[in-house]
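The values are calculated or read from the model by the stated rules, or taken from the named source; none is laboratory data. No experiment lies behind these values; they were computed from the predicted model shown. FYI the Cβ positions are ideal-geometry reconstructions off the backbone, even for glycines, and counts take in every protein chain you see. To get the accessible areas, we keep the full protein, side chains included, count just its heavy atoms, and leave off ligands, DNA and RNA. Shrake-Rupley method; radii C 1.70, N 1.55, O 1.52, S 1.80 Å.
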Amino acid sequence: MIAVAFPLWSDFPNGMRRSTGPVDNTREDQPLSEIETFYDVMRRQGITRRSFMKYCALTATALGLSPSFVPKIAHAMETKPRTPVIWVHGLECTCCSESFIRSAHPLAKDVVLSMISLDYDDTLMAAAGTQAEAALEETIQKYKGNYILAVEGNPPLNEDGMYCIVAGKPFVEQLRHAAQHAKAIISWGACASYGCVQAAKPNPTRAVPVHKVITDKPIIKVPGCPPIAEVMTGVITYMLTFDRLPELDRQGRPTMFYGQRIHDKCYRRPHFDAGQFVEAWDDENARKGYCLYKMGCKGPTTYNACSTVRWNEGTSFPIQSGHGCIGCSEDGVWDQGSFYNRVTDLTQFGVEKNADQVGLAAAGVVGGGIALHAAVSALKSAQKKTQTSVSKEEA
Amino acid sequence: MSTRLLVGPFNRVEGDLEISLDIDAGQVVAARVNSPLYRGFERMLLGKRPEDALTITPRICGICSISQSAAAAMALAAAAGTIPTPDGARTAALLHAVENVSDHLTHFNLFFMPDFTRPLYADRPWYETAVDRFSAGQGSAARRAVEARAALLHIVGLLGGKWPHTLAIQPAGVTRAPSLRDKVRMGATLQVFRRYLEDTLFGAPLENFAALSDAQALMGWTTGDAGLFLRIAADLDLADLGPGPGRYMSFGAYPGPDGSAFARGIRMADGPVAPLDPATIAEDLSHAWMLGDTAHPETGQTRPDEAMADPGYTWCKAPRLGGQTMETGAFARQVVDGHPLALDLAGQGGSVLARVAGRLLELARTQVVMETLLAAIRPEERFMGSHDTPSKGQGAGMLEAARGALGHWLRIEDGRIAQYQIIAPTTWNFSPRDALGVPGPVEAALQGAPVRAGEDTPVSVQHIVRSFDPCMVCTVH
């Protein structure tokens, strides 16, 4: 299913449509009154200045930036034209969208939903079929080279892609077409980033991640099944606000959210260090909140922000609910043995490895914007864990 | 002379959907539903460790992942002879109810109602109110509903760690033993949600809505967004649009030590409720791009036909109970449970009105179910019993997802999954024709739908299709 993005012109009832022709984000001399900014959108939605500033502050926090960046974010949102986003869906379960519309701050959701839209809230999509196709095409043509393509799900290649048909054509064709003129691509979730569950053996449809099909564009991977809502809004807000990619690690993940293992910031970590483990579900140790390592927790090898940002508006995360992490944001978790086997070969405990050449991976960065590197690299980006494996005790 | 119209992709449904309509003299004479998305979950489960089904099957669907995980846990428990602890079962039921309620709320506010804001209704007296409340992405009701839903899902966050794709439900109970403090917190969350329902959706105490006893009383309900819907339904005669097969099926919702909240069984129109015999379930593959014979899910296979040969026209199999199509969903659940309002609506043939009203009725009734479940949870008790997955065995997990009857059929051999078949609610409702040429429930409901001159996405078709609340990612999986 395609969800043609946001276009501004659809939600302007009375001639408020001001943006005509492709938006050129790089032209600072362009009359600002000609281009709608994020702030304009917020004002139009009746959002107060106070709420707007609060949103900027929360965004800075989510991005791991110091309070001094708040005015910069505010300034960017007041002056920058908003970047068009096209959101397409391949083989998927829609969990990324479901996660996305549940961001903590209602404002973030409103703003982002008004900037880009999901399939069920798009007035253009209200007319199905050919009109939807036309809307997608119009967006591509209008913003050629300037839009961000957000991909949820992934393309199956078997049988010429016939396992996922959008508007009579294989999704992979739509993906290639939409990617051709995109400025950058966001791979939402484990499906688009790594293939996820449908690529598990025997991968019946030969589902592949986006980067196997699109090789000539910068791709930001935001893995997780699904990714945390605040991580999604954080990444997209960062890109829309600063008009550049966030710093990425070697796998293409934003280091600000994927720079640390869940284990590193897990509130049960002291019990791991003290050798206090849950031995069986709901045993005495479970009640005491001991470490779930022996129950198969993959927190020690999983890079994600669950233990810091948490889920459902900061309520909890899987380990807090007494179930180990399954490592859903890592590549290939579906075929590494049972989810309830314990991780072995943990060679990296103790001191964090310092940032490696991760920054080099950001070579695909779309230039310009406000330099945030210093602040971001304060977050340690640890080494990836290719040498880790899972015990084959049952094999 | 009839013309053929292809409607799709549908927006505001979960997943992909395409419907081919034969139109003659201003109405639909035949409909064929195509589910164009196939992933092959049943194949990738083969050879895996049985417990891994708990993690893999929820990924079938991002909107009803708890239903899938609960069905997998139930199938594993059945294969092992495990019985969850009473408080584990109550907690699992609460998790599940929260998800189902969230889905109903999403459906009404974000998927179904926005169709009434289409310009072609601009001359109707309720139009401006509908636009104000429900226009996609802008409506005040939609925003309020998304907020209320996010707040309600804190309960899943607390008990399950995360949503979607919660991991907490296991064959012998749940991984999280809520403390007394958690219980108080969840009670407060439920109170906030009740206030939302009573202030916004119903505009009156929800017990009053749950006490409606017939269609006439229903149509007299004027308050809240429910009242707006009923005003629209009366004006557009939604009571006559999209009748179902008149055969309703429910696997029974929220089983636990205190019994099921909503009964299991089948019912023909407003006849007496009859027991459900799972042995008579079979999936017909004659019009699906699937190879193999009609089979019960204990033995059925999922082998996609790469040639996509005729007469197949979808990846969706055609499940039948005793050879017949069955309607499943919130309305069917309330009919089987014997609620007088649902029975009266069923007696009038079921319809778009009946399905949407059934969902509203269930929202009101499930709020009470959730409050009762929470009150019964005893933090000092065990939430997980013992469970050993056998190296050989088989079991079925049959329960009610938001959209209706969901079944998982599992067989274990040598400690590995040797057979796994899933029939999702939308597989029943959106099934293709069977070997006898009998169309599936939605295909049949679409026959007779009016098509206005020049309409290329007939609005009546949109109303009918959406009244079933399709979840296409579940349908084929």
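Quick rundown of the values:
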| item | result |
| --- | --- |
| Matching residues in the range B:235-258 - criterion: being more than 21 Å from the chain's Cα centre (by Cα) and either within 30 Å of B:Thr372 (Cβ to Cβ) or buried (at least 20 other Cβ atoms within 10 Å of the Cβ) (or both) | B:Pro257, B:Asp258 |
| Single condition B:His165 does not satisfy, out of (1) modelled with pLDDT under 95; (2) surrounded by fewer than 16 Cβ atoms within 10 Å (Cβ to Cβ) | (2) |
| Any hit, the range B:199-217, residues being closer than 30 Å to B:Ala444 by Cα, assigned to a loop (DSSP other than H, G, I, E, B), small (Gly, Ala, Ser) and more than 20 Å from the chain's Cα centre (by Cα) | yes |
| Top-ranked residue in the range A:308-333 [being outside any loop (DSSP other than H, G, I, E, B) and open to solvent by 10 Å² or more (accessible area, probe 1.4 Å); ranked as nearest to the other protein chains (Cβ to nearest Cβ)] | A:Pro318 |
| Of all residues making up the range B:427-436, the number that are under 18 Å from B:Arg4 (Cβ atoms) and either within 14 Å of chain A (Cβ to nearest Cβ) or open to solvent by 10 Å² or more (accessible area, probe 1.4 Å) (or both) | 1 |
| Extreme residue, nearest to the other protein chains (Cβ to nearest Cβ), among residues of the range B:15-41 that are outside any strand (DSSP E or B) and open to solvent by 10 Å² or more (accessible area, probe 1.4 Å) | B:Gly26 |
| Number of positions in the range B:365-381 that are more than 16 Å from B:Val192 (Cβ to Cβ) and touching a helix residue (DSSP H, G or I) at 6+ places or on another chain (Cβ under 7 Å) | 8 |
| Near pairs, Cβ below 7 angstrom, 6+ apart or cross-chain, from the range B:436-456 (on the phi > 0 side of the Ramachandran plot) to any residue that is of a type outside the set (Ser, Thr, Tyr) and not in a loop (DSSP other than H, G, I, E, B) | B:Gly448/B:Gln27; B:Gly448/B:Val28 |
| Members of the range A:64-96 found to be outside any helix (DSSP H, G or I), surrounded by 24 or more Cβ atoms within 10 Å (Cβ to Cβ) and out of contact with any strand residue (DSSP E or B) (no Cβ under 7 Å at 6 or more places or on another chain), listed by number | A:Cys93 |
| Any hit, the range B:175-190, residues being touching a residue at least 40 places away in the same chain (Cβ under 8 Å), open to solvent by less than 10 Å² (accessible area, probe 1.4 Å) and away from chain A (no Cβ under 14 Å) | yes |
| Test: residue in the range B:68-84 that is part of a helix (DSSP H, G or I) and within 8 Å of chain A (Cβ to nearest Cβ) | no |
| From the options A:Glu159, A:Glu137, residue that is closer than 28 Å to B:Asp305 by Cα and part of a helix (DSSP H, G or I) | A:Glu159 |
| Hits in the range B:452-477 - residues which are more than 21 Å from A:Thr94 (Cβ to Cβ), open to solvent by less than 20 Å² (accessible area, probe 1.4 Å) and modelled with pLDDT of 85 or more | B:Pro458, B:Val459, B:Ser460, B:Val461, B:His463, B:Ile464 |
